[in-house]
Amino acid sequence: MRHVWKFVMIAVLLALISACGQPERPKTVSDFCLAAARISAEPAPRIDADDPGNRFDTDDTLFQVLEHNAVIDRLCPAGKGD
């Protein structure tokens, strides 16, 4: 009977120790990260810059581009969504 308790105690200790060494679960990439891409923008070099060819983005567009890129940075691992 004494050997049974010794075996049970060893089994419990091994079970507790093995729980600490579990490998990290693999991270998955969502469909958003596979399809999304960062957007580039062209701000005006100064506030009163002349823009006859409409090459520069407006302040609203720049804000939306920065928000979009921030979402990609937050949700996607490095290197995805580029």
List the chymotrypsin sites (Phe, Trp or Tyr not before Pro) within the range 25-76 that DSSP assigns to loop and that have no more than 16 neighbouring Cβ atoms inside 10 Å. F56
Please give the length that would be gained between E42 and H68 if that part of the chain were fully extended, namely 0.36 nm times their separation in residues minus their C-alpha to C-alpha distance (nm, one decimal). 7.9 nm
How high is the FRET efficiency between A35 and A15 when r is their beta carbon distance and R₀ equals 35 Å, given to the nearest 0.05? 0.20
Net charge within 11 Å of D57 by Cβ-Cβ distance, Lys/Arg positive one each and Asp/Glu negative one each, not counting D57 itself? -3
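A short reminder: the numbers here are calculations on the coordinates, not readings from a lab. For clarity, every value in this text was computed on a predicted model and none was experimentally measured. Cβ coordinates were reconstructed from backbone atoms using ideal geometry, including for glycine residues, and neighbour counts include every protein chain displayed.
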